Every structure is written in structure tokens, then in C-alpha cells.
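Down below is the structure, laid out as C-alpha cells.
All of the numbers you see were taken from the coordinates with simple rules; none came from a lab. Being a predicted model, the structure only gives us computed values, none of them experimental. Cβ placement follows ideal geometry from the backbone for every residue including glycine, while neighbour counts extend to all protein chains displayed.
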Amino acid sequence: MTRLAIIGGGMVGASLALALQAGARQRGWTLHLIEPFAPGEHYQPSYDARSTALSYGARLIYERLGVWSAIAERAEPIRQVHVSERGRFGNTRLHAEHERVPALGYVVENAWLGHCLWQALDPDCVQVLCPAQVQSMEAVEGGYRLVLERQGQLECSLAVLADGGRSGLREQLGIGVRRSTYGQTALIANVTPGKSHAGIAFERFTEDGPLALLPLQDNRCALVWSRSPEDAERLAGLPQAAFLDELQQAFGYRLGGFRQVGARHLYPLELVEAEEQVRNGLVVLGNAAHSLHPIAGQGYNLSLRDAWALAETLLHSASTPGALSVLQRFHLRQARDQWLTVGFSDHLTRLFGDSAWGLGVARSLALSGLDLLPPAKHEFARLAMGLGVRRALTHEGENGQ
């Protein structure tokens, strides 16, 4: 029996299981989804729920997987993206109608997205082990042997590490990472503005770090505010009124006066890339493979495209799923997408993180110049929508699950 083990049942791992399940059933494969934290059986909305920005390309993938209609029930469309820099004249706007799409992207609560994905899993094909924890794993002939805490051992032809950016198993296997620090910490919270957000996502660059406000349902906005570690700690500890006053000064009054802020969470920011993504019988996926700065909202969308490409590659191969030649084909297929997306996010972060006067003027000219160069603006929009690599969602994707 051919077994595939997905270690990590978060959004990336569950999406991969969903992308594989129909083809796995046809081939007689067994999928094991191993997750230490059981999700709630019933979705509970929360003002403080963390959220993810899904690109338009992510919608296309989830439509192919048959779950978009469920996800869309609580997905807020991004109809415009407004990019500006405080104290500078340059700005630009991206419009969904100009790109001929219903929305540039969507913002959805993580709990709802996870709920939709898990509800769509076929228990006859996907054996969910939850709560379950992989203590160790070792390469054996024909794949990997996993040792589970209190649940014995499991041998599989292919093991997929999708257990997050702090993957202990990645370290245990001796897979190194390249780290590049940004010297920033992201403050994450939900806020309520005084005016309707009207489906507009704001990317505001300031001398202290970038600030993003993404539209959520119920006229809330998801705030991602990057500051120095010390300043982020200070902001997180402020009373609500003082915090909203500082946010108002940084953002301005495009959304009126801010009225409420929920729980505030801090996340140190750095670019992390695994030095190996594939070995014989092994794939590293999601944040375990690459963790990006949230400035452009590309991290999860890249991981979802990786999961889609991996499923497509496995299901279109006549070889054993864990064969190195098959996994290298997947890695080669995604190399350009990863290079473009990681580079786009990293260079944007560093470009707008430099406070030099001359560079600031150049940034303003570049932002304003996008409106004068429609082809360049269109390509910028395609990257933001996760459509920079056409092949994964057209030619090869047309025959997907």
C-alpha cells in the first residue's frame, strides 16, 4: 500500500490533502494527515480572529478544489489596493475592474478557512490523526518511518513537512535555513474604522515601518503594523485610546477615526528559506520551506501554489510518489514562482525600509509612474494577485482535481 503522510494539518497541509484526495482514491493511495491541535467542530466567529489575505489566484485553486463557495461565505473581497508613503507625494491604486477580475483578493479568517478545508476532506481517503504529534522521523528503504507520540510508528512512501516556520522536524533532519532579518516586529490586530472600508486594502509606508489595513467582514480591518521590536512592544502595551491615537497619526483619516482595537499580537519578522525542499521521500512545504515578510501578503498564497503544484506533479507521474526524480520535477516547476515571489516581497520591504531622502523621492516617482505606464502597473497587479506564473493555473491546472 502506498502511504503519504502530511505532517501538519494547518491551512497548507489541509489544502494539500484536499488537492490529493480524489486522485489518491483512484490510485489506491492512503493519505495520513497528522495534526497536534484538533480544530473546533463548529466555527465560532470572533472579533479578534486572525486572518489571511487570499490572492485571486488562490481563489482559482480553491474553485478547482470545490471549496470556494464555502470559503466565500466569510471572505471579504479586496476591490482596490491603495499604496502610499507618508510624507511623500507618490501613490498608486490597483482596481479589480481594471484587471477584469471580481476582486484583487479576499481576506478571510483563518479559523473559517481551516474549518472549510477540514469539512471538505473525505474520511474514506484521508485518515486524520488528531491530536497526534510526530516525535521523530528517519529515512528508510522506500520512504520514511515516523514515530508518533503514544501512537506507535507509521511508514510512508512520502512525508510532507508542513508543520510551520519553527519546524523541529526540519531541524532534526539536518535541513538548514537561510535567515535574513528585517529588524522589525509585526503587530497584528483587528480594528474598527469610523467609515466604511469599501473593500479597499491600504499599504502605507512610513519611516517607522510599513502599515497594512485589509478589509474584513462587519466593517473591521485587519491591521499589520511593522515597527522596531522595542516600539512594537510599547504599542502592544498601550491603552486602547493611546494606541488608536498613534495608529491615527501613522495612517491618517482616510477611514475616519478608529473606534476599537482588539487583542494585539507580536511576531518578529525575518525572511527564512529552507536550504533543501526535497529529498528522496520528503518534501518541505509551507512556512517550513519559506517564511516571508507580510508586507505584500504573498506568503500563504505562495505556499498554496506550492501545494497545488506538488499535488499536480504527484498525480501526473507514473513513478512512486516519493521518488526523488518526481519531487525534483515539482521543485523545478516552482523555482521561478518562488524566486519571483520571495524577491518581490523582500525587495519591496527593503526598498521602502530605507529612509534615505534621495531614495524616498525615487520611490514616490516610481509609485506615481505606475499610473503612467499601464503595462508595468498590470504586471505589478498580476504579481499581487498571485498570477505572475501562468502555467500553474492554466495549461497544467486545467486537468487538475
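Taking θ as phi - 60° and the Karplus parameters 6.51, -1.76 and 1.60, the scalar couplings of segment 207-217 work out to 5, 9, x, x, 10, 10, 10, 10, x, 10, 5 Hz in sequence order, x denoting glycine and proline.
Given a 10 angstrom Cα cut-off, can you work out which residue in GLY262, GLY322, GLY164 is the most mobile in a GNM of the chain? Maximum fluctuation in the GNM of the chain, among the listed residues, is at GLY262. Considering the dipole of the chain built from charges on the beta carbon (Lys and Arg +1, Asp and Glu -1) around the Cα centre, which of HIS95, THR341, ALA38 is farthest to its positive end? Checked the options; the winner is HIS95. Using just its DSSP H runs of length 4 or more, each adding -39500 (n - 2.57), the chain gives a mean residue ellipticity at 222 nm of -10500 deg cm²/dmol after division by all residues. Ranked by how many other Cβ atoms sit within 10 Å of their own Cβ, fewest first, the residues ASP208, ASP245, ASP163 fall in the order ASP245, ASP208, ASP163.
The structure shown yields P(r) over Cα pairs in 20 Å bins from 0, in percent, and of the options [x] 29, 60, 11, 0; [y] 27, 57, 16, 0; [z] 26, 62, 12, 0 that calculated value carries the label [y].
Close amide-amide hydrogen proximity is noted between VAL128 and LEU33, each under 5 Å apart and 5 or more residues distant or on a separate chain (H modeled in the peptide plane; Pro and chain starts excluded).
Sorted ascending by nearby beta carbons within 10 Å, beginning with the fewest, TYR253, TYR106 become TYR253, TYR106. For segment 27-147, a crude dipole built from +1 on the beta carbon of Lys and Arg and -1 on the beta carbon of Asp and Glu, taken about the Cα centre, is about 540 debye to the nearest 20.
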